[in-house]
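The values are calculated or read from the model by the stated rules, or taken from the named source; none is laboratory data. Computed from a prediction, not measured in an experiment: that's the story for all the values here. Note that we place each Cβ from the backbone using ideal geometry, even for glycine, and neighbour counts take in every protein chain shown. For accessibility, only protein heavy atoms count, side chains too; no ligands or nucleic acids. Shrake-Rupley method; radii C 1.70, N 1.55, O 1.52, S 1.80 Å.
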Amino acid sequence: MIPQTFEYKKAQTIDEALALLREHGDEAKVLAGGHSLIPLMKLRLSTPELLIDIGGIQELSEIREQDGRIELGALVTHRTIEFSELLKQKCPVLPEAAAQIGDPQVRNKGTIGGSLAHADPAADYPAVVLALDAEIEATGPDGRRTIPVRDFFQGLFTTALRPGELLTRVRVPVMPPRSGAAYLKFPNPASRYAVVGVAAFVKLAPDDTCAEVRIGITGAAAAAFRATEAEKRLVGKTIDDRTLTAALEDMVDPDDLLSDLAATAEYRAHLCHVLTRRALRQAFERAHG
Amino acid sequence: MRHTIQVTVNGQTHRVEVEPRLLLVELIRDVLGLTGTHVGCDTSQCGACTVHVNGEAVKSCTMFAVQADGCEITTVEGLATDEQLHPLQEGFWQEHGLQCGFCTPGIIMAAADLLKRNPDPSEEEIRRALEGNFCRCTGYHNIVRAIRYAAARMRGEAVVPRGEAAPTGAS
């Protein structure tokens, strides 16, 4: 499979990448790890005239802790996340999810920024960053801005990034005391993408009921989303079978979900229910420590 | 526009002019003539094209050659030294880790990446590490044995290939 001819430019800095984006606009695509883009180009589903390779921008490959948050550069690979001691200690659900992406070779090249900006409806990170209430940093011609992740995923392969903007960083919170999170997915048996993937976050109140609950779901619909109704029903409750059954009833409407060869919308709704139940239980147990 | 890139493959530096859409695997096979790296699915699934780029296993069908400018690349041809097989190659031989052999170079390169990170992987860890490589002949059992054999050799342990009697005095 041979992609259509294109020009290639390597940006050494964020500013260089932005200048190239400004100059070439819609004709250009940003190349990070390339593991979403290159397969599309080989199928000629994507035919950019110019690739702007940001793979060499050093400052975007760093993970650092700052003000109770962990900041990940857009170019941090899934492998780096999978094995990061800092993340395993402070936000272990992210390495847990990273280890479930693709396979080792894919994780060596694929990046968190690339995955989020691409916004594949079946990608794993979207569920996790939603459950963590993360922030996306975008850098554009007018400087940096922060996008709350709940506003970020807008539709099939569509995000809140504006033309000319680059996703530069992702910030996830350090897990607070008495909190827990988990990510579970039902993988497509061939592609290993999520047919449905659910990330749950639970923070306990002093009386051991749920003070905060967040549920991020990927794979089920055109864009990853939060199950906010179910979240609300669980605040102030403990997680047990009866509470879960009541809280998760009709948590998703099959009419809003995808139907394809892998699963019907009804089956996806069922998977949402089962995986949310399991993920919440695990998050709750982890919160208890 | 063509780009001049410099890559070091198995210790030898090459300066080559490439079209941006040339894949790394095409550079390795068609330009440099190293045909030990195979193309199976050409869709980043099967892992037959696995090589190391700066020490990490990647699927060379899903990377453009221009992205490898300045990189160190190791292919299966770069593993053996002075006529001495790499322990993984020896393991595949001793444990009958292949039938048709098409997937073998990619699996060996994926396994080499695993053993760098984890010198004593369990069977389950080996199987998980091979998630990105398909073998359509063997059912993977002997591949796993071959990798365990290599891991033991690389840790400096004496290994006895299956089916061979333990040499006298071996522990």
Practice prompt. Could you pull the accessible area for A:Thr111 with a 1.4 Å probe, rounded to 10 Å²?
Written response: 10
Item to complete: Counting only heavy atoms of the protein chains, get the accessible area per residue of chain B (1.4 Å probe) and round it to a whole Å² value.
Response: 48
Discussion item. Once you place label points 7 Å from the Cα toward the Cβ at B:Val31 and A:Ser61, how far apart are they in nm?
Written reply: 2.1
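Loop-only check: which trypsin sites (Lys or Arg not before Pro) in the range A:29-107 are DSSP coil with at most 14 other Cβ within 10 angstrom? Don't skip to the answer; put the middle values down first.
Working: sites: A:Lys29, A:Lys42, A:Arg44, A:Arg64, A:Arg69, A:Arg79, A:Lys88, A:Lys90, A:Arg107; in loops: A:Arg44.
Qualifying residues, ordered by number: A:Arg44.
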Worksheet entry | Distance (nanometres) between label positions extended 7 Å along Cα→Cβ at B:Trp93 and A:Glu23 | 5.4
Discussion item. Please give the charge dipole size of chain A, origin at the Cα centre, charges +1 on K and R Cβ atoms and -1 on D and E Cβ atoms. Round to the nearest 20 debye.
Written reply: 560
Worksheet item: Build a GNM of chain B with springs between Cα atoms under 10 Å: which of B:Asp82, B:Asp42, B:Asp30 gets the top mean-square fluctuation?
Response: B:Asp82
Response to the item:
Between A:Thr47 and A:His270, the two model label points (7 Å from Cα along the beta-carbon direction) sit apart by a distance in nm of 4.2
Discussion item. Please list, short to long, the whole-number percent of alpha-carbon pairs of chain A in consecutive 10 angstrom bins beginning at zero.
Written reply: 7, 29, 34, 21, 7, 1, 0
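Could you work out what % of the accessible surface of chain A is carbon and sulfur, using a 1.4 angstrom probe and leaving DNA, RNA and ligands out of the count?
Values: 6080 of 12250 Å².
Carbon and sulfur together cover 50 percent of it.
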Discussion item. List, by residue number, every residue in the range A:62-104 with a reduction of 30 Å² or greater in accessible area between the chain on its own and the complete protein assembly, 1.4 Å probe.
Written reply: A:Arg79, A:Phe83, A:Asp103, A:Pro104
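Using a probe radius of 1.4 Å on heavy atoms only, what accessible surface per residue do you get for the range A:179-288? Whole Å² is fine.
Working: 4950 Å² over 110 residues.
Value returned for the range A:179-288: 45 Å² of accessible area per residue.
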Practice prompt. Return the value, in Å² to the nearest 100, of accessible area buried between chains A and B (probe 1.4 Å, both sides summed).
Written response: 2600
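Beyond 30 Å between alpha-carbons counts as too far, so tell me which of A:Lys88/A:Lys109; A:Lys88/B:Lys116; A:Lys9/A:Lys42; A:Lys90/A:Lys232; A:Lys29/A:Lys88 fall in that bin.
Values: A:Lys88/A:Lys109 20 Å; A:Lys88/B:Lys116 21 Å; A:Lys9/A:Lys42 19 Å; A:Lys90/A:Lys232 26 Å; A:Lys29/A:Lys88 33 Å.
Over 30 Å Cα-Cα: A:Lys29/A:Lys88.
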Fill in: Under 11 Å from the B:Asp82 label point (7 Å along Cα→beta-carbon), backbone N, the range B:115-159
none
Worksheet item: Roughly speaking, to the nearest percent, how much of the range B:87-154's 1.4 Å accessible area is carbon and sulfur?
Response: 52
Worksheet item: Measuring from the lowest to the highest alpha carbon on each principal axis, how far does the range A:179-288 reach, largest first, in angstroms?
Response: 46, 24, 22
Worksheet item: Dipole of chain B, Cα-centred, from +1 at each Lys and Arg C-beta and -1 at each Asp and Glu C-beta, to the nearest 20 debye?
Response: 240
